[in-house]
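Down below is the structure, laid out as structure tokens.
The values are calculated or read from the model by the stated rules, or taken from the named source; none is laboratory data. It should be emphasised that the depicted structure is a prediction, and the values quoted were computed from it without experimental measurement. Using ideal geometry, Cβ is built from the backbone for each residue, glycine included, and neighbour counts are taken over all protein chains shown. We work out accessible area using only protein heavy atoms, side chains counted, and drop any ligands, DNA or RNA first. Shrake-Rupley method; radii C 1.70, N 1.55, O 1.52, S 1.80 Å.
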Amino acid sequence: MKALTYVERGVFELRDKRKPEVVDAKDAVVRVTLSSICSSDLHILHGAVPQAQAGVTIGHEMVGIVEEVGCDVKSVRAGDRVAVNVETFCGECFFCSHGWVNNCTDKDGGWALGCRIDGGQAGYVRVPYADNGLTHIPASVSDEQALFAGDILATGYWAVRISEVSENDTVLIIGAGPTGLCTLECLRLKQPKNIIVCEKRASRRDFVRSLYPEVRVVSPEECLEVVMAVGEHGGADRVIEVAGTDDTFRMAWQAARPNAIVTVVALYEQAQILPLPDMYGKNLTFKTGGVDGCDCDEILRLIADGKIDTTPLITHRFPLSRIQEAYRLFESGCDGVIKVAIYPD
């Protein structure tokens, strides 16, 4: 089969690899019917993910059909349509038992697919702990509707949940890339008083305005002024930072009112510094980290019920044989690209 492979920093190659097999009784092999490119894949390409293994097949956003299961797998069987969770997790260790599956202590736990073990920008993928990492796709939900359920939608849902949003809040989302837009979809379910989205690209600001007319959309240059005017207590009650730059990290704490929650789900390519003297007295609560992808069943139910729709994010589609072209487009941000779907040839 063809598989996009991490060779070294700056180099991905579409290589021939053997179809994966069940190697553990808790494994499943999934035939990939649709996958996508994530910004985290670009971080691997740039050499900014130290745990990424050379030779690994890239990709952790995918849906497919179960091809084979190990003898201990109970929740899925061959022929089932499934969404693949970005994380693999044992479900039994200390962290899993508390719902912190991103920190699963198994050797293949946490974000492993497409990073430390072979992922899904390929014809097939082996999924460890399949009972935990695969979610049935309802019959009424298409592959494109379900494509982001296991990663960026799970991230957005988790970010909103840990931000403790209430209906009286003013909430600022920094970044209207794919994860920011998925976060916005999930935030709207909470119906906060005000939603502000800050995005530097004019095309993405227009995209948000076209889909969500009730949302205030601002550029970075005007963000702080608008937030201070809209927020009733000197800033946003909740800030969700999804963009991942030095400037947006600084903006996150500057835009927050005293005693606010700042949730950082962005993946940075360099270290960030908390300027505690400048922040003294704001009494902020920071929540950070990778997604704990435990909500895929609920997310797919919400999609089936018509309460979440991320299909407008898929702006381009490519066959696997042209995935390098898809990467160049996605990284460039040209042609209004938001997300790229990769389908089998």
Pseudo-spin-label distance residue 105 to residue 301, built 7 Å along Cα→Cβ, given in nm, is 3.1 nm
Relative contact order, percent, the chain [alpha-carbon distance under 8 Å, six or more residues apart]: 17 percent
Residue order for 210, 332 - accessible surface, 1.4 angstrom probe, largest first: 210, 332
On Cα atoms only, tilt of 178-188 relative to the major axis of the chain in degrees: 60 degrees
Any residue on another chain or 5+ positions along whose placed amide H is under 5 Å from the amide H of residue 170 is listed here as 194, 237, 238
Ignoring everything but the protein chains, give the 1.4 Å probe accessible area of residue 4 in square angstrom, nearest 10. 0 Å²
The stretch 125-169 and the stretch 1-61 have their Cα centres apart by a whole-number Å value of 20 Å
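Can you tell me the length gained on complete extension of the stretch residue 233 to residue 139, counting 0.36 nm per residue apart and subtracting the Cα distance? Kindly include the intermediate steps, with their values, before the conclusion.
On the way: separation 94, 0.36 × 94 = 33.84 nm, distance 4.61 nm.
Difference between extended and current length: 29.2 nm.
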Take residue 78 and residue 46, extend 7 Å from each Cα along the Cα→Cβ direction, and tell me the distance between the two endpoints in nm. 4.3 nm
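Would you mind working out the accessible area per residue for the chain, using a 1.4 Å probe, and quoting it in Å²? Write out the running numbers ahead of the final one.
Working: 14690 Å² over 345 residues.
Result: 43 Å² per residue.
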Percent of C-alpha pairs per 10 Å bin, the stretch 239-330, short to long: 13, 28, 31, 22, 7, 0
Residue-by-residue Karplus 3J(HN,Hα) for the stretch 317-325, coefficients 6.51, -1.76, 1.60, Hz, glycine and proline x: 9, 9, x, 4, 5, 10, 5, 5, 5
Between residue 224 and residue 246, what length in nm is gained on full extension when 0.36 nm per residue of separation is reduced by their alpha carbon distance? 6.3 nm
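Keeping the other protein chains in place, figure out the carbon and sulfur percent of the accessible area of the stretch 260-334, with a 1.4 Å probe.
On the way: 1950 of 3820 Å².
Of the solvent-accessible surface of the stretch 260-334, carbon and sulfur hold 51 percent.
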Tell me which residues come under 5 Å, amide H to amide H, from residue 34 once H is placed; ignore anything under 5 positions away on its chain. 63
Once amide H atoms are built 1.01 Å from N in the peptide plane, which residues 5 or more positions from residue 5, or in another chain, come under 5 Å H to H? 13, 14, 15, 58
Roughly how tilted is helix 220-230, in degrees to the nearest 10 and between 0 and 90, from the longest Cα axis of the chain? 60 degrees
Per-residue HN-Hα couplings for the stretch 163-176 [Karplus 6.51, -1.76, 1.60; θ = phi - 60°; Hz; x = Gly/Pro]: 7, 6, 6, 10, 6, 8, 7, 9, 10, 10, 9, 9, x, 10
For the stretch 183-241, with all protein chains present and a 1.4 Å probe, just round the carbon and sulfur fraction of the accessible area to a whole percent. 46 percent
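Which whole-number percent gives the relative contact order of the stretch 1-134, counting Cα pairs below 8 Å spaced six or more residues apart? Kindly include the intermediate steps, with their values, before the conclusion.
Details: 348 pairs, mean separation 42.8, N = 134.
Computed over the stretch 1-134, the figure is 32 percent.
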Calculated FRET efficiency, residue 9 and residue 33, Cβ-Cβ r, R0 30 Å, to nearest 0.05? 0.45
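Put 74, 2 in order of accessible area, largest first, 1.4 Å probe: what do you get?
Details: 74 160, 2 90 Å².
Per-residue accessible area, sorted high to low, gives 74, 2.
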